[in-house]
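See below for the structure under consideration.
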Amino acid sequence: MRISGRLAWPALVLAVAACSSKTAPIAIGLAGPFSTERGQSMRDAAELAVAEINQAGGIHGRTLKLVVRDDSANAERAMAVARAFYADPTVVAVVGHLTSGTTLAAAPVYNGGDTPLVEISPSASSPELSSAGPYTFRVCPTDLLHGSRLAAWAFDRLHAKRAAVLYINDAYGRGVRRVFERSFTARGGTIVSDDPYLLDLPSFGPYLRLVLQRGGADVLMIAGTQAGAERILPALKTVGWSPTVMGGDGLTGIEKSSVDANGVYISSAYLPDRPGAANQKFVAAYAKAYPGKMPDHRGAGAYDIIHLLARALEATGPDRTKLRDYLAGVGTRTPAYDGVTGRIAFDSSGDVPDKDVVIGVVHDGHLVTAGGQ
């Protein structure tokens, strides 16, 4: 029996759309500063994870795909990226953002409206993120752990009694600096100087000379990023000061820089020499995919997030609300996820209280686990 074209076409369109929605790739957003080395590490590892999942058959026969948007590590840009992801009904979750400032700026977008969207950061460590909303998660420890571990290492292991602090004046820098100073002084240490900086500062010389005028310090704590450390380290030689330098995970990457960073201590939730078969397999796969490169904590975190999302999607399907509810129960209602960065089990704030921090040290162009841990 022949069906009139007027009735057949709408039915055919609906049938094709239904079929397409069940076979189309599942989209996951990826947000970070991808024009930078730290952002590229995150993107490389996320793409590796997606490739592995797709090669293994995808999610019930559907492939994963990344929708990549660059936030330039800028809060306003991050909000625009978040709005674009939110408005795209095919995006079921977002891996990102990378920095604390951008993750906090974007959180109200992801947590608002009628169809909120999960964001999981691999490396945003600000304690403020714990209250950002029920759709915001992270797989890294907070500044509370980074700052206290660095203080303990400085005072207990390096026997430092006097510390100078330079911190980038943003959410990350202020957070690490605040906890470090509180923990260091609680142990009996003295903070000789405490100065904020911006990356466009003409020279770090005046700050460093001021410390010397105050009698110097055993350690210089840089609560900032690789870009700042790349300018501070040469300035130390210019003023003739050679303290032990240390910093939070924002300094990661300085080991590959052209400046001499040997002996710099860096706190991190992940180092490539982490023990365990899963991490060894990941590092080998990463080295094969990106010759000459090693994953950092941002990449390893993104890799874990993609694989965790795949497990959640297998259980719930590509539904934003069901996906969020599944993630909120990881470690309680459903098993924790044992990733290359360690055990991921979320608390009610979307944090991972079981995660720890290790102290790495730069040695011959590599960031390796410092001895005695």
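Projecting label points 7 angstrom from Cα along Cα→Cβ for residue 161 and residue 334 puts them 5.4 nm apart.
What is the local net charge at residue 257, summed over the other residues whose Cβ is closer than 11 Å to its Cβ (Lys, Arg +1; Asp, Glu -1)? So the environment of residue 257 carries a net charge of -2.
Peptides 107-115, 263-271 ordered by packing proxy, namely the average of other Cβ atoms within 10 Å per residue, highest first: 263-271, 107-115. Among complete DSSP H helices in the chain, those whose alpha-carbon atoms stretch at least 15 Å along the helix's long axis and whose mean Kyte-Doolittle hydropathy reaches 0.0 are 5-23, 75-87, 100-111, 226-239, 277-289, 297-316.
Of all beta bridges that DSSP places with both ends in the chain, some 25 percent have antiparallel geometry.
For the chain, a Gaussian network of Cα nodes joined below 10 Å ranks 332, 252, 99 by mean-square fluctuation, and the top entry is 332.
Sorting the segments 225-233, 139-147 by their residues' average number of neighbouring beta-carbon atoms within 10 angstrom, most packed first, yields 139-147, 225-233. Summarising the strand pairing of the stretch 25-140, around 5 percent of its internal DSSP beta bridges are antiparallel. With a threshold of 29 Å on the Cα-Cα distance, the over-threshold entries among 256/281; 256/355; 22/281; 281/355; 237/288; 256/288 are 22/281; 237/288. Taking other Cβ atoms within 10 Å as a rough exposure proxy, 307, 297 sort from fewest to most as 307, 297. Comparing Cα centroids, the stretch 76-155 and the stretch 228-274 end up 26 angstrom apart.
Per residue, the chain reaches -13500 deg cm²/dmol at 222 nm when only DSSP H runs of four or more residues are counted, each adding -39500 (n - 2.57).
Per-peptide packing, taken as the mean over residues of other Cβ atoms within 10 Å, places 60-72, 196-208, 121-133 in the sequence 121-133, 60-72, 196-208 from highest down. The computed percent of Cα pairs over 35 Å apart for the structure shown corresponds, within (1) 31; (2) 28; (3) 38, to (2). Over all other residues within a Cβ to Cβ distance under 10 Å of residue 248, the charged ones net out to 0, with Lys and Arg as +1 and Asp and Glu as -1.
In the stretch 144-268, a dipole from Cβ-located charges (positive for Lys and Arg, negative for Asp and Glu) runs towards its positive end, and of 221, 154, 175 it is 154 whose Cα lies farthest in that direction. If you find the alpha carbon centre of the stretch 318-373 and of the stretch 156-208, how far apart are they in angstrom? Between the Cα centres of the stretch 318-373 and the stretch 156-208 lies a distance of 27 Å. A Gaussian network model of the chain, with springs between Cα atoms under 10 Å, assigns the largest mean-square fluctuation among 338, 296, 249 to 338.
When 366, 159 are arranged by Cβ crowding within 10 Å, least crowded first, meaning fewest neighbours, the order is 159, 366. Spin-label pair residue 273-residue 115: with each label point 7 Å from Cα along the Cα-Cβ axis, the two points sit 4.8 nm from one another. Other residues within the sphere of radius under 14 Å centred on the Cβ of residue 84, judged by their own Cβ, net out at -2 (K and R +1, D and E -1).
Every number here is computed from the coordinates shown, using simple stated rules; none is lab data. Predicted model, so just to flag it, every value in this text is computed and none were measured. We place every Cβ from the backbone using ideal geometry, glycine too, and count neighbours over all the protein chains shown.
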